[in-house]
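Scroll down for the structure; my scribbles are underneath it.
Every number in this text was worked out from the coordinates using simple rules, so none of it is lab data. Just so you know, these numbers come straight off a predicted model, no measurement behind them. Quick reminder, even Gly has a Cβ in these numbers, built from the backbone with ideal geometry, and neighbours come from all protein chains shown.
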Amino acid sequence: MRDFIYRLRRDEQGMVAVEFALWSVAFFFVVMVALDFGAFYIERGRMNEAVGAAAVSSFNDADNVNFANLPGYVRSLTGENSTAVATSCNGVAGSCTNLNRVCACLKNDGSYVTATCGNICTGTGVTVGSTAGYYLTINATRTFDPMILPQSAIAGATISQQATIRLE
């Protein structure tokens, strides 16, 4: 029995197979983590392109923007129906209109102050030398579901993109 244990301990047959199995699992885990990060950045880029395309489309039709269709347009470009899309004009959600627009000046902190359309913006906290206009903000947000990593490992696992454009 003692000889058997000694020979078993000294036997190196199959050692390469065991090492291969251990390294394969480690390599697979590293590849899956890389795929999670890659998928996150690809989806964030897709959302960025969708919000950017909606902003360009709105700018091109500045006088007659179809505000009701913007969320659907962004969702179709991202390919994700779970994307939450919100639009606001001059910082007020649901107030976008093509008629009787009220212009504003954009402040340094991201808020707005009412002003006459076309006038030069003046005052405390207002972007110096800018012109009062009608600003549309498109904000899209979606939860990212990683394959391997916990939700908190990838920046809170939320993808969010925003664009603000001046329509008037």
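Let me have the 222 nm mean residue ellipticity of the chain computed from DSSP H runs of 4+ only, each contributing -39500 (n - 2.57), with the sum over all residues rounded to the nearest 500.
Details: 3 runs with 64 residues, N = 168.
When only DSSP H runs of four or more count, the value is -13000 deg cm²/dmol.
I'd like the Karplus ³J(HN,Hα) series for the range 53-64: coefficients 6.51, -1.76, 1.60, θ = phi - 60°, whole numbers in Hz, and an x wherever there's a Gly or Pro.
5, 5, 5, 5, 4, 5, 5, 5, 10, 3, 7, 9
Under the rule of at least 5 residues apart or a separate chain, name every residue whose amide H is placed under 5 Å from the amide H of Cys117.
Result for Cys117 returns Cys103.
Alpha carbon centre of the range 101-166 versus the range 1-77: separation in Å?
Measuring centre to centre over Cα atoms gives 29 Å.
Once you have the alpha carbon radius of gyration of the range 1-55, what is it after dividing by 2.2 N^0.38 Å, with N set to its residue count?
Details: Rg = 24.2 Å, N = 55, 2.2 N^0.38 = 10.1 Å.
Its radius of gyration relative to the 2.2 N^0.38 Å reference: 2.40.
Here are labelled values, [x] 58, 17, 11; [y] 23, 18, 13; [z] 28, 21, 13, and one is the computed semi-axes √(5λ) of the Cα gyration tensor in Å for what I pasted. Which one?
[x]
Residue-wise, which Karplus ³J(HN,Hα) couplings in Hz belong to the range 111-128, taking 6.51 cos²θ - 1.76 cosθ + 1.60, θ = phi - 60°, and x for glycine or proline?
Ordered by residue, 3J(HN,Hα) equals 8, 10, 10, 4, 8, 6, 4, x, 6, 6, 6, 9, x, 6, x, 8, 4, 5 Hz.
List, in order, the whole-Hz ³J(HN,Hα) value for each residue of the range 132-140 obtained from phi through the Karplus relation with A = 6.51, B = -1.76, C = 1.60 and θ = phi - 60°; use x for Gly and Pro.
Taking θ as phi minus 60°, the curve returns 4, x, 10, 9, 9, 10, 10, 10, 10 Hz for the range 132-140.
Under unit Cβ charges (Lys, Arg +1; Asp, Glu -1), what dipole magnitude, rounded to 20 debye, does the range 2-166 have relative to its Cα centre?
Values: 11 positive and 12 negative charges, 42 e Å.
Charge dipole of the range 2-166: 200 debye, to the nearest 20.
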